[in-house]
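Take a look at the structure below.
Throughout, read-outs are computed from the coordinates displayed, never taken from laboratory work. Given the structure is predicted, the values throughout are model-derived calculations rather than measurements. Backbone-built Cβ (ideal geometry, glycine too); neighbour counts: all protein chains shown.
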Amino acid sequence: MSDPVVEALRAAGVADVRSGASLAELTTLRVGGPARLLVTVERDGELAAVGELASRHGLPWVVVGRGSNLLVADEGWPGIAIVLGRGYRGVTFEEPVDGRGRLRAGAAEPLPSLAVRVADAGYAGFAWACAVPGTLGGAVRMNAGAHGADMATHLIEVDLVRLSTGVRETWPLATLGLAYRHSELPSDAVVVSATLELPQGDPDVVRSEIAEIRAWRRAHQPLNQPNCGSVFTNPPGESAGRLIDAAGCKGLAIGGAAISDRHANFIVTRPGARAADVLALIAEVTARVEATTGIQLTTEVVRLAPSPVAP
């Protein structure tokens, strides 16, 4: 039997629509079940169509960037998973003024490659982004950061498409409510581009910074194993990794998921791992850290489940 939502999306010009597609393959943890629908959109009109049909049929939706901060339940997810296609890629640079310049980039741009392009263009301050394995849009929504900087350091404004209306809006930095790994973007907003401002710098110097950051990551993080990056946010004045290590959790395993021996704030998975293993490990680590330190850790990971879950 044909799916009326699929038919309606294709009629609206959304060509890439798949039913029951695996989301595990789109996440860096490599676990989880399928989405009811997986769509790739290339322009605002397609996003508007997805929003209208999701609302009409009562379907939840989520944007999947590089899946580096996403944990999908083993049972799958009964909504629409949206991937921003190549229509939402691209970078343009403005002429610098007084030693500073602006760039505008599509939300589907991967942060690591964007960091390199920014360096090659002669701008400094964005080398840290090579350490964040996500897209620009996801980085804006969670105010991603590393090595002492974050998106709020550079953002001027972002363009959003509101799925409730299908309208593109431009929001300046002051309205985004950015804080540590947090924004106050509306739940129906899809980031489609961002404008950043950066100081000019020597490309060779910035490339060296990127090389040093990459070398540090290779030495301290489990880059050769499936993981979702940092699992827990750092409590004020503390390091989540240090707390987890102090609680004796480094190397702890449940099923196919384990706390990395290299970095205690990373969960790694092996073939056959389930999302339930990851969730059980998160719960166990949270309980052990609270029992030993009195601090309750909070996860950075976004959970997709068959029914709503508490953050």
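Quick look at the values:
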{"item": "Ser239/Ala174 FRET efficiency (R0 22 Å; Cβ-Cβ; nearest 0.05)", "result": "0.15"}
{"item": "Kirkwood hydrodynamic radius (C-alpha pairs) into Stokes-Einstein, the chain, 25 °C and 0.890 mPa s, D in µm²/s", "result": "120"}
{"item": "Karplus-derived 3J(HN,Hα), 6.51/-1.76/1.60, for each residue of segment 91-108, Hz, glycine and proline x", "result": "9, 10, 10, 8, 5, x, 10, 6, x, 10, x, 10, 9, 10, 9, x, 5, 7"}
{"item": "P(r) histogram, all alpha-carbon pairs of segment 222-304 included - 5 Å bins from 0, percent", "result": "3, 17, 29, 28, 16, 6, 1, 0"}
{"item": "Descending principal axes extents, segment 89-205, alpha-carbon based, whole Å", "result": "45, 27, 24"}
{"item": "Estimated FRET transfer efficiency when R0 is 51 angstrom, pair Ile295-Ala15 (beta carbons, to 0.05)", "result": "0.55"}
{"item": "Two-site FRET efficiency, Ala8 against Ser187, from Cβ-Cβ distance with R₀ of 25 Å, rounded to 0.05", "result": "0.65"}
{"item": "Derived scalar couplings ³J(HN,Hα) [segment 249-266; Karplus, 6.51 cos²θ - 1.76 cosθ + 1.60; whole Hz; x for Gly, Pro]", "result": "9, 4, x, 4, 10, 9, x, x, 10, 8, 6, 4, 5, 8, 8, 5, 8, 10"}
{"item": "Extended-chain gain in nm, criterion 0.36 nm per residue less alpha-carbon gap, Arg100 and Arg117", "result": "4.5 nm"}
{"item": "Computed [θ] at 222 nm, deg cm²/dmol, the chain (DSSP H ≥ 4; -39,500 (n - 2.57); rounded to nearest 500)", "result": "-8500 deg cm²/dmol"}
